[in-house]
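Below is one structure; the comments refer to it alone.
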Amino acid sequence: MLEGSTAIAFYIIAFVVILSAIAVVTLKNIFHAALFLVLTLFAVAALYILLSAEFLAAVQVLIYVGAISILMIFAVMLTAQLTNYNIKQTNEQSLPALLISICFVAVTIFAIATNHKLGGFPLAESTEVAGSNTAHLGQLLMRDFILPFEVVSVLLLAALIGAIVIAKRDK
Amino acid sequence: MQVGLVHFLSLAAILFGIGLYGVLTRRNAIGILMCIELMFNAVNINFITFAKFITPEKLTGQVFAVFVIVIAAAEATVGLAIVILIYRNFKDVFIDRMNIMKW
């Protein structure tokens, strides 16, 4: 359980996350949506710090905010007709999609709350983490999870080569 | 005022729902990729929440979150390369006009 000022911080961050995520999906200007995506990712990094995952917060800022959103903004600038506001950005399925999303969220939250009330989550006694857990995370990655770690590096290499081959101009 | 597991999981569910709505309604392919990133982030919040509140001494959830981030990066690079290629061939990134894969 988080109490006091961390709880207030959680509510502020949750507010920022939800509002900026709604801006990402609804704004007509795709460039502004990309900028709000940066804000959402930053707020999620702040959530990771509340959850005592400092290393992941740093990784989130480096990879998501630093790399992926810059990639998105580059792609937007290479493709979209930014000045033309008359282009419709949503398809005709707004209402069914809204219904589906609201139903999904309602059912999920109901399931989480019920499960919590019935004691379905095996909560730990204490969630206090002494100091930084980055060293422990590194040991886990290099010891218990060494095979997935290597596989994922091969996957990254494959994605890199694949992206170059796909985007390469044919002669 | 106490904030626990349920609050974080609910926030992640809401974020996932917003991303789902975006994926279903956006016409711009880059917009859809951005909404998929939102959904990846919701999943990551779930992993790290479980790591903190259920197994605070093990950190397995955080390791999984690292892998999710790597796979999201790979997905973004390949997806954006495909979008750039489509734009070069059709001068368009609106996916409801992309029907050449349909028979």
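A few comments on the model shown:
- Test set (1) surrounded by fewer than 22 Cβ atoms within 10 Å (Cβ to Cβ); (2) among the hydrophobic types (A, V, I, L, M, F, W, C); (3) within 15 Å of A:Leu47 (Cα to Cα) - B:Leu9 fails condition number: (1)
- Residue satisfying condition, being more than 7 Å from chain A (Cβ to nearest Cβ) and in a helix (DSSP H, G or I), within set B:Ile18, B:Ile32, B:Ile45, B:Ile14: B:Ile32
- Residues located in the stretch A:42-60, provided they are in a helix (DSSP H, G or I) and either surrounded by fewer than 24 Cβ atoms within 10 Å (Cβ to Cβ) or among the hydroxyl-bearing types (Ser, Thr, Tyr) (or both): A:Phe42, A:Ala43, A:Ala45, A:Ala46, A:Tyr48, A:Ile49, A:Leu50, A:Glu54, A:Phe55, A:Ala57, A:Ala58, A:Val59
- Any hit, the stretch A:145-167, residues being of a type in the set (S, T, N, Q), out of contact with any His (no Cβ under 6 Å at 6 or more places or on another chain) and not in a helix (DSSP H, G or I): no
- When restricted to residues that are without any contact (Cβ under 8 Å) to a residue 24 or more places away in the chain and surrounded by fewer than 24 Cβ atoms within 10 Å (Cβ to Cβ), the stretch B:21-34 contains 3.
- The stretch A:145-171, subset farther than 17 Å from B:Ala74 by Cβ and at pLDDT below 90, residue farthest from the other protein chains (Cβ to nearest Cβ): A:Lys171
- For the stretch A:66-103, filtered to residues that are at the interface with chain B (Cβ under 7 Å from one of its Cβ atoms), outside any loop (DSSP other than H, G, I, E, B) and more than 25 Å from B:Ala12 (Cβ to Cβ), the residue that is modelled with the lowest pLDDT is A:Thr79.
- Just one of the listed residues (B:Val83, B:Val68) is at the interface with another protein chain (Cβ under 7 Å from one of its Cβ atoms) and either farther than 25 Å from A:Leu19 by Cβ or aliphatic (A, V, I, L, M) (or both), namely B:Val83.
The values are calculated or read from the model by the stated rules, or taken from the named source; none is laboratory data. Worth saying up front: this structure is predicted, and the values here are computed from it rather than measured. All Cβ positions, glycine included, derive from the backbone under ideal geometry; neighbour counts span all protein chains shown.
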